[in-house]
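What follows is one structure encoded as structure tokens, with my remarks underneath.
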Amino acid sequence: MANSPSEEPEYDLAVIGAGPAGVAGAVTAAELGLAVALLDAAERPGGQFYRHPHPALGAARPQALHHDWGTFVDLRRRLAASGLRHLAGHHVWTVVPAGPEGPWGVHAVTGADGGGPLVRIRARAVLLATGAYERQLPFPGWALPGVVGAGGAQAMLKSGLVLPGNGTCSVGVRSRAGARVVVAGSGPLLLAVATTLAAAGARVPAVVEASDYLGYARRPGALAAQPGKLAEAAAHRAALWRHGVRLRTRSAVTEVHGADRVAAVTVSRLDRDWRPVRGSGRRIACDALAVGHGLVPQLDLALALGCATRRTPDGASALDLDTHQRTSVPGVWAAGETGGVGGAQLACVEGELAGLAIAARLRGRPAPTAIRRARSLRRRRDRMRAFADVMARTHAPGPGWSRWLDDATEVCRCEEVTAGRVREAVADHGARDARTVKLLTRAGMGWCQGRMCGPAVACLAAQVPGTGLPPSPERRPLAVPVPLGVLAALDEPPGPGDGTG
Amino acid sequence: MAHDRNPARLVGAAPGPAFEITFDGRPVPALPGQSLAAALWAAGILAWRTTRVGGRPRGAFCGIGHCFDCLATVNGTANRRACLVPARPGDTVTTQEGNGHGELAV
Ligand code: FES
């Protein structure tokens, strides 16, 4: 039957996501003797951070697009040597327990954009390493072609060797003058994106950061414990300086200009609450705008399983994890950005910790509290988590950002719902949360299921005083789009091959 | 100065030979290993879809399969995410209008 998934043998552990956290967790568990399946939507391991050119592009120096490429080379070597099963091109859309603590049925669609055959694997434990996606805050003109996610611009550059804007060349394609790309939003990713774009030939007229960097200075302890981060930031600043890139803090792109593609942006200064300062707007000509306001944990699978969450200092929801990376659901662990956005190094450490803990658990041994390796990993994790909290607080969206919107601004890109209609739903029809706004306006009901507009809609609906952020994580029944026939086939029939016990 | 730099040079790329795809009937070069969206960007094309309600142009936004802004009709099949689908020699990409099923309207 076309709709029934092909069965895979049962594994000890299914790891979902092959970014730094997932690969580190999977190889650690496999090296300790577990039978591990590593499922990921992409063709190659690395996740978004270690995204790299397709082998057919023959990149001799992929490290030129990365910091810390050596860490990934090492992980990749361990992955190859571990004998674990790497299931590439597998978009996991649900995880279903067969009993109160598993085993788990992990369901995936396959192929480049999910059109391929269905697969289900079974595992005694699950490690969620699903990473994060970019937080977007709307503003007039942000749906114009040439406006791209800051992370998206970097992803397209890392994997396809292209720049947004006017088609700055790659090999075999006519060379043109470098595109002018303004980089804007908030968070440490912006500096990395701007540096990489400039190194790859883009002209970056400005990096526009909505916060200032004073938040870091207010927590000198956390910063001092992470000298590497300081050095990294300094290196980015130096590179930007070399490329003649101006960094404007406490500023935002509040409007994009252009008929059918980006021609210019308006940059405004912001007050403490991120409200644009009247009369401060200045126009900058450009071919593209790369924009993003940090990252939010991607929790679809975890929320569907009922994992408890916590609120991070930037108002996002992350998984609530214990010291061994366990979620509140027995049999389910998590590592990396799912537990709060903190970067690739932290993700590797957490993945390894989770791998150790899962191996101990499945072997019926006590959690690895005392062993040296785990102790030193935990110390590093706690230091990096503390820094991640400072980072989140520093770049948390201020409540005034909604002043960037006029009533005609599209908030939901898929369903083309404007800010005016969302405000109407709130003011005239009493909507107080994203769900009610969704029912009244269709915001968040389109293809992306609110991934792009969710945080913005929830904020406009809630108008929580003193915060620009949504009150609770959004639940989505499906983690990736799935044909209806697939849902009909999901009944997890008990029977031969069920592997319970 | 910026003119001498480009992504391929940055990573020392030596790709396989370029091949051709078409976008709305016009030839567009692509490199093996590039997604359709990357090939279109490299050719300076930023939009390959018009929206259902306002008929407004859209192209790639998130670049990683989340936003669905990059939907295109590829070899006659609508609603393919161009940022995920690899380019293959002879692919035809056509601007997708509305929900992509206009030609099926009854
Ligand atoms: S650009 Fe977002 S899904 Fe393709």
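The values are calculated or read from the model by the stated rules, or taken from the named source; none is laboratory data. Treat the numbers as computed from the prediction; the structure is a model and nothing was measured. Cβ coordinates were reconstructed from backbone atoms using ideal geometry, including for glycine residues, and neighbour counts include every protein chain displayed. Only protein heavy atoms, including side chains, enter the accessible area calculation; ligands, DNA and RNA are left aside. Shrake-Rupley method; radii C 1.70, N 1.55, O 1.52, S 1.80 Å.
Structure data summary
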item: Evaluation of B:Val11 against (1) more than 19 Å from the chain's Cα centre (by Cα); (2) surrounded by fewer than 23 Cβ atoms within 10 Å (Cβ to Cβ) (one fails), failing number; result: (2)
item: Test: residue in the stretch B:2-13 that is without any contact (Cβ under 8 Å) to a residue 12 or more places away in the chain and more than 7 Å from chain A (Cβ to nearest Cβ); result: yes
item: Residue check for B:Arg49: more than 8 Å from every other protein chain (Cβ to nearest Cβ), buried (at least 23 other Cβ atoms within 10 Å of the Cβ) and within 14 Å of the ligand (Cβ to nearest atom); result: yes
item: Residues of the stretch A:380-419 classified as more than 19 Å from A:Gly454 (Cβ to Cβ) and open to solvent by 10 Å² or more (accessible area, probe 1.4 Å), total; result: 16
item: Yes/no for B:Asn99 being polar (S, T, N, Q), open to solvent by 10 Å² or more (accessible area, probe 1.4 Å) and part of a loop (DSSP other than H, G, I, E, B); result: yes
item: Residue pairs meeting the criteria (Cβ under 6 Å; at least 6 apart or on separate chains; first within 13 Å of the ligand (Cβ to nearest atom), in the stretch A:149-167; second of a type in the set (Val, Ile, Thr) and part of a loop (DSSP other than H, G, I, E, B)); result: A:Ala155/B:Ile64; A:Met156/A:Val162
item: From A:Ala354, A:Ala347, A:Ala374, residue being open to solvent by less than 10 Å² (accessible area, probe 1.4 Å), in a helix (DSSP H, G or I) and closer than 30 Å to A:Trp401 by Cβ; result: A:Ala347
item: Selected residue (criterion: most open to solvent (accessible area, probe 1.4 Å)) from residues of the stretch A:251-279 that are among the aliphatic types (A, V, I, L, M) and within 14 Å of chain B (Cβ to nearest Cβ); result: A:Ala259
item: Segments classed as strands (runs of 3 or more DSSP E), wholly inside the stretch A:244-284, with at least 2 members that are modelled with pLDDT under 95; result: A:246-248
item: Which numbered condition A:Val208 misses (of (1) in contact (Cβ under 8 Å) with a residue 60 or more places away in the chain; (2) closer than 18 Å to A:Gly185 by Cβ); result: (1)
item: Evaluation of B:Val28 against (1) part of a loop (DSSP other than H, G, I, E, B); (2) more than 12 Å from the ligand (Cβ to nearest atom); (3) surrounded by 14 or more Cβ atoms within 10 Å (Cβ to Cβ); (4) at pLDDT 90 or above (one fails), failing number; result: (1)
item: Selection count, the stretch A:233-250, where residues are open to solvent by less than 10 Å² (accessible area, probe 1.4 Å) and in contact with an Asp or Glu (Cβ under 7 Å, 6 or more places away or on another chain); result: 0
item: Options A:Leu230, A:Leu295: the member that is more than 22 Å from the chain's Cα centre (by Cα) and either open to solvent by 40 Å² or more (accessible area, probe 1.4 Å) or touching a residue at least 40 places away in the same chain (Cβ under 8 Å) (or both); result: A:Leu230
item: Residues that are assigned to a loop (DSSP other than H, G, I, E, B) and on the phi > 0 side of the Ramachandran plot, drawn from the stretch A:73-130; result: A:Gly83, A:Gly89, A:Gly111, A:Gly114
item: B:Thr77 vs. criteria within 12 Å of another protein chain (Cβ to nearest Cβ), farther than 29 Å from A:Pro138 by Cβ and either open to solvent by 50 Å² or more (accessible area, probe 1.4 Å) or within 11 Å of the ligand (Cβ to nearest atom) (or both); result: yes
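This table checks each residue for (1) open to solvent by 10 Å² or more (accessible area, probe 1.4 Å); (2) out of contact with any strand residue (DSSP E or B) (no Cβ under 8 Å at 6 or more places or on another chain); (3) more than 20 Å from A:Ala132 (Cα to Cα); (4) not charged (D, E, K, R).
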residue: A:Gly22; (1), (2), (3), (4): no, no, no, yes
residue: A:Leu34; (1), (2), (3), (4): yes, no, yes, yes
residue: A:Leu38; (1), (2), (3), (4): no, no, no, yes
residue: A:Glu43; (1), (2), (3), (4): yes, yes, no, no
residue: A:Ala59; (1), (2), (3), (4): yes, no, yes, yes
residue: A:His66; (1), (2), (3), (4): yes, yes, no, yes
residue: A:Val73; (1), (2), (3), (4): yes, yes, yes, yes
